[in-house]
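Student: Let me begin by handing over the structure; questions about it come next.
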Amino acid sequence: MTTIPTTSPAAGQAAPGTREPSGPRRTVDRLRHGLGLIGPRHGRHGLPARHLDALALPIGDDGVVAGVDAEGQPAVLGINRPTPYDVVLIGGLWTAQVLALRSAATGARVAVETGRPQAWMQMVHAMGGGQNGLSVYDVGRVPPQGASAGTPVLVVRDCGMRPPRGRVVSGPWQSVLTLLPYLSPVAPRLLRQARLAGIQRVSPDEAAELGRTMGLSRTEVESLPALPDGVTLWCTDRDRQYVLTQPTDAETGLLGTPRRMD
């Protein structure tokens, strides 16, 4: 007996002599056979191997954009970290508030400990009455924040020239920014503990003291009394960088223009 081989239709295709389903029925048939949806028809993107070295991705550091450096490139502060991180800013309230706003914009919750809550109320109202990432507390009244990798926290301590030791300290995913309007007797201790320090315009005597405390160069010391509004010298153990904080239109409408004095 002679066996005549038969050929089955391919998955998703109609058998000979039958009408091919169309529209939703055809889509269901394709999905049933594991073929997936029909995507848009676009040409393939090809690149010769010799051009691979020219590829570059515009990815910088992760963090809060504090401004631009001397070359006009974004200067980023990596505030949200899995390890304790203390920052000291000897400068104006305006810069601290800009950093708080931008930290909240990255998804961090901001807890402000302050003796002048009225100075922060405009920000609280603009951000939804404390429901959208920024809360204000009296000095010594900041509750535990429950920081985690999913909800990092920045605690801003705006407690004057002699801030008391805080109840809430830096920890994993919880950084602390201490604002000092001027160089005070507690500043050397805070600067020794800090991983990052920002210095805005100060008097020549304060600049000389900071030079001794932080090991600044003579050029850096001489520059501090003449720094323009909005410019901060950010310092770590190894690096120094002048950064100009340029407000967005929304920040200018809420906080005004850059200023050293409040």
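The values are calculated or read from the model by the stated rules, or taken from the named source; none is laboratory data. The model shown is predicted, which means the values in this text are computed figures rather than measured ones. No Cβ is skipped: glycine too gets one built from the backbone with ideal geometry, and neighbour counts run over all protein chains shown. Quick note on the areas: whole protein, heavy atoms, side chains included, nothing else; ligands and nucleic acids left out. Shrake-Rupley method; radii C 1.70, N 1.55, O 1.52, S 1.80 Å.
Student: Specify which residue in the list Ala70, Gly140, Trp120 is farthest towards the positive end of the charge dipole of region 64-185, using unit charges on the beta carbon of Lys, Arg (+1) and Asp, Glu (-1), about the Cα centre.
Tutor: Gly140
Student: Note down the magnitude of the dipole of region 63-141 about its Cα centre, charges +1 on Lys and Arg C-beta and -1 on Asp and Glu C-beta and zero elsewhere, to the nearest 20 debye.
Tutor: Its charge dipole is roughly 240 debye.
Student: Using a 1.4 Å probe and ignoring any ligands, DNA or RNA, find the accessible area of Leu191 and quote it in Å² to the nearest 10.
Tutor: The value for Leu191 is about 20 Å².
Student: Apply 1/(1 + (r/R0)^6) to the Cβ-Cβ distance of Thr151 and Thr236, taking R0 = 25 Å, and write down the FRET efficiency to the nearest 0.05.
Tutor: Once the sixth-power term is evaluated, E becomes 0.45.
Student: Which FRET efficiency value, to the nearest 0.05, is calculated for Thr213 and Met161 with the Förster distance at 22 angstrom and r the Cβ-Cβ distance?
Tutor: The formula returns an efficiency of 0.85 here.
Student: Can I ask one more? How big is region 102-178 by Rg and Dmax over its Cα atoms, in Å?
Tutor: Both quantities, over Cα of region 102-178: 11.7, 33 Å.
Student: Quick one: compute the contact order of region 205-262, relative version, from alpha carbon pairs under 8 angstrom and 6+ residues apart, as a percent.
Tutor: Here the relative contact order equals 24 percent.
Student: Looking at the square roots a ≥ b ≥ c of the eigenvalues of the Cα gyration tensor of region 84-215, which shape do they give, rounded for a/c under 1.5, prolate if a/b is larger than b/c, or oblate?
Tutor: prolate
Student: Provide the net charge surrounding Leu134, with neighbours chosen by a C-beta distance below 12 Å and charges set as Lys +1, Arg +1, Asp -1, Glu -1.
Tutor: +2
Student: What's the magnitude of the charge dipole for region 118-222 around its Cα centre, counting Lys and Arg as +1 and Asp and Glu as -1 at the beta-carbon? Answer in Debye, nearest 20.
Tutor: Numbers: 11 positive and 7 negative charges, 74 e Å.
Its charge dipole is roughly 360 debye.
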